[in-house]
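Only one structure is covered here, and it is reproduced in the block below.
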């Protein structure tokens, strides 16, 4: 773990680096590229027009503000990185369901909820550790190239994930112009992580 990475206190005496190979909190310099917002319109399985949230949510393009407009880029920015052992999950599912196809074994319905719950817990810990910061779980929607941002810190994202599925959120200090509604989202994350109940937190991308 280098000086730009640190562990998070998750509460109840639980202080960990993460169950994978990357510390959950990494100092980063966001790679700003507004063109990545176009990924939301890229067709994918069962969604020929791209993400159904495009143009429907305030946290999605084109309504979502650019990251550099919403956050103070002169102050530190951190990436919260959660790792899910997708390869191990697939092997466990293969043992339980030997007749399933690889697509069925990797279906997000069987693992994404748990991974998101762990990410929410890490986000809540980061927000407690750094008062005044805010969390963004879909920084691509705000023009951040997350893959390039993490690559600069030696962290590779698998697209599509094969062995390790990493979920990433950015934590930073907002500009004064950032909507006050962000506090509602952050409070929701803290409560959701505490109780591990409720629907997917607002602002979370749909895979």
Is it the case, given these coordinates, that residue 88 is out of contact with any strand residue (DSSP E or B) (no Cβ under 8 Å at 6 or more places or on another chain), on the phi < 0 side of the Ramachandran plot and either in a strand (DSSP E or B) or modelled with pLDDT of 90 or more (or both)? yes
Does residue 121 meet the test of being modelled with pLDDT of 90 or more, buried (at least 21 other Cβ atoms within 10 Å of the Cβ) and not in a helix (DSSP H, G or I)? no
For the structure I just gave you, tell me whether residue 134 is surrounded by fewer than 23 Cβ atoms within 10 Å (Cβ to Cβ) and under 14 Å from residue 24 (Cβ atoms). no
From the list 37, 27, 57, exactly one residue is modelled with pLDDT of 80 or more, within 18 Å of the chain's Cα centre (by Cα) and assigned to a strand (DSSP E or B). Which is it? 27
Which condition breaks for residue 167 when tested against (1) in a loop (DSSP other than H, G, I, E, B); (2) within 17 Å of residue 51 (Cβ to Cβ); (3) modelled with pLDDT of 50 or more? (1)
Can you confirm whether residue 20 is part of a loop (DSSP other than H, G, I, E, B), closer than 19 Å to residue 169 by Cα and modelled with pLDDT under 85? yes
Please name all residue pairs, on different chains or six or more residues apart, with Cβ atoms under 6 Å, provided the first residue is in segment 147-161 and is touching a residue at least 24 places away in the same chain (Cβ under 8 Å) and on the phi < 0 side of the Ramachandran plot and the second residue is buried (at least 16 other Cβ atoms within 10 Å of the Cβ) and assigned to a helix (DSSP H, G or I). 161/86
For segment 64-76, check the following and say yes or no: at least one residue is part of a helix (DSSP H, G or I) and surrounded by fewer than 18 Cβ atoms within 10 Å (Cβ to Cβ). yes
Please verify whether segment 117-130 includes one or more residues that are under 24 Å from residue 31 (Cβ atoms) and touching a helix residue (DSSP H, G or I) at 6+ places or on another chain (Cβ under 7 Å). yes
Looking for something part of a helix (DSSP H, G or I) and surrounded by 20 or more Cβ atoms within 10 Å (Cβ to Cβ) - is there at least one such residue anywhere in segment 155-164? no
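The values are calculated or read from the model by the stated rules, or taken from the named source; none is laboratory data. Quick caveat: nothing in here was measured; it's all calculated off a predicted structure. Quick reminder, even Gly has a Cβ in these numbers, built from the backbone with ideal geometry, and neighbours come from all protein chains shown.
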